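Report on the following structure.
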Amino acid sequence: MIEMRDLSKSYIERNGEERRVFEGLSFSPEKGERSIAITGRSGAGKTTLLRIIAGLDVQYGGEYWLDGGLQEKSLRAMAKVRRERIGVVPQDGMLLGDRSAIENVKIAVPPKCDKVVVATACLERVGLHGREKASARKLSGGEAQRVAIARAMAKKPKLLLADEPTASLDERTERDILGLFDTLIGEGALVIVATHNEAVASWCDSRYRIEERRLVRV
Ligand SMILES: Nc1ncnc2c1ncn2[C@@H]1O[C@H](COP(=O)(O)OP(=O)(O)OP(=O)(O)O)[C@@H](O)[C@H]1O
Ligand SMILES: [Mg+2]
């Protein structure tokens with residue numbers, strides 16, 4: 001479903017220096033890998049890799065294949081791919097602060113579905129029943145993270161990308177969230193999680209680690 005070939009990525013820092021994050025990275029999980037943990041020390045490039053897969057960053061070298069198609073290095077083209085197929089749970093939640101929890105989820109509900117019904121059901125699944133009207137800005141870190149997960153689930157994505165999705169959650173909520181990911185996998189999704197959390201990594205079918213600008217299976 002997903003394949004990266006000879007991926008390279010560098011950032012130009014403020015002082016004009018180039019910081020190379022990936023060089024000759026390849027990634028081609030097999031069909032049986034339905035949940036994948038991406039690990040690596042802080043600053044190794046986990047968020048960068050997920051952002052490229054999500055189509056939020058198109059400034060890279062190499063090829064990105066999704067469902068057999070070579071992906072365009074265009075933010076516009078990738079926005080369409082993301083809207084239709086990819087659920088993203090960013091490291092910081094990235095909610096619209098001036099909107100309520102339910103409005104943040106409604107945004108992701110596919111056309112032709114009842115937005116209120118689907119968004120309410122997704123919030124209930126992440127344990128936020130009764131918090132629909134709460135302003136996103138006033139949610140706790142863990143609540144905001146769960147709204148972000150509900151938003152990603154609302155579109156029934158074929159690919160779910162979650163960046164440290166359980167970082168602000170207690171163990172029980174963490175287990176509940178992994179249960180939700182299992183449901184999505186049961187519906188045919190591939191789940192890729194960047195994580196430092198041992199419990200989350202061992203829950204995954206396979207584990208990769210970013211090392212020396214490449215991705216190695218561990
Ligand atoms: N917009 C940017 N401009 C310049 N450098 C960046 C930018 N974003 C990330 N970097 C650098 O790229 C490297 C990889 O960052 P990234 O956020 O992908 O790491 P990470 O593995 O997700 O780390 P963490 O575990 O702390 O979340 C870091 O050295 C970071 O400083
Ligand atoms: Mg990160």
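Within the stretch 36-60, the set of residues being away from ligand 2 (no atom under 16 Å from the Cβ) and surrounded by 14 or more Cβ atoms within 10 Å (Cβ to Cβ) comprises Gly55, Val58, Tyr60. A Cβ distance below 9 Å, combined with a sequence gap of six or more or placement on separate chains, defines the contacts here; from the stretch 147-166, residues that are within 16 Å of Glu187 (Cα to Cα) and within 16 Å of ligand 1 (Cβ to nearest atom) reach residues that are outside any loop (DSSP other than H, G, I, E, B) and of a type in the set (D, E, K, R) in the pairs Leu161/Arg51. Would you call Gly87 outside any helix (DSSP H, G or I) and buried (at least 20 other Cβ atoms within 10 Å of the Cβ)? Against the criterion (outside any helix (DSSP H, G or I) and buried (at least 20 other Cβ atoms within 10 Å of the Cβ)), Gly87 qualifies. The set of residues in the stretch 3-47 being under 24 Å from Thr166 (Cα atoms) and among the β-branched types (Val, Ile, Thr) consists of Ile36, Ile38, Thr39, Thr47. The single condition among (1) away from ligand 2 (no atom under 14 Å from the Cβ); (2) among the hydroxyl-bearing types (Ser, Thr, Tyr); (3) closer than 24 Å to Asp182 by Cβ that Ser8 does not satisfy is (3). Do we have Ala44 as over 16 Å from the mean Cα position of the chain (by Cα) and part of a loop (DSSP other than H, G, I, E, B) here? So Ala44 fits the description; yes. Among the residues of the stretch 182-218, the ones that are at negative phi and away from ligand 1 (no atom under 16 Å from the Cβ) come to 16 in all. Can you spot a residue in the stretch 127-138 that is open to solvent by 10 Å² or more (accessible area, probe 1.4 Å), part of a strand (DSSP E or B), away from ligand 2 (no atom under 16 Å from the Cβ) and not aliphatic (A, V, I, L, M)? Within the stretch 127-138, one or more residues are open to solvent by 10 Å² or more (accessible area, probe 1.4 Å), part of a strand (DSSP E or B), away from ligand 2 (no atom under 16 Å from the Cβ) and not aliphatic (A, V, I, L, M). Might you check whether a residue that is open to solvent by 20 Å² or more (accessible area, probe 1.4 Å), in contact (Cβ under 8 Å) with a residue 24 or more places away in the chain, under 20 Å from Lys158 (Cα atoms) and of a type in the set (Val, Ile, Thr) occurs anywhere in the stretch 90-113? Scanning the stretch 90-113 turns up at least one residue that is open to solvent by 20 Å² or more (accessible area, probe 1.4 Å), in contact (Cβ under 8 Å) with a residue 24 or more places away in the chain, under 20 Å from Lys158 (Cα atoms) and of a type in the set (Val, Ile, Thr).
Residue-wise test of (1) of a type in the set (Lys, Arg); (2) near ligand 1 (Cβ under 8 Å from one of its atoms); (3) over 23 Å from Ser74 (Cβ atoms).
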| position | (1), (2), (3) |
| --- | --- |
| Glu3 | no, no, no |
| Ser10 | no, no, no |
| Leu25 | no, no, no |
| Gly40 | no, yes, yes |
| Thr48 | no, yes, no |
| Val58 | no, no, no |
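Exactly one residue out of Val193, Val117 is of a type in the set (Val, Ile, Thr) and buried (at least 19 other Cβ atoms within 10 Å of the Cβ), and it is Val193.
Restricted to the stretch 158-172, and to residues there that are open to solvent by 20 Å² or more (accessible area, probe 1.4 Å) and outside any loop (DSSP other than H, G, I, E, B), the residue that is farthest from Ala199 (Cα to Cα) is Arg172.
The values are calculated or read from the model by the stated rules, or taken from the named source; none is laboratory data. Since the structure is predicted, the reported quantities are computational estimates derived from the model, not experimental observations. All Cβ positions, glycine included, derive from the backbone under ideal geometry; neighbour counts span all protein chains shown. All accessible areas refer to the heavy atoms of the entire protein, side chains included, with ligands and DNA or RNA removed. Shrake-Rupley method; radii C 1.70, N 1.55, O 1.52, S 1.80 Å.
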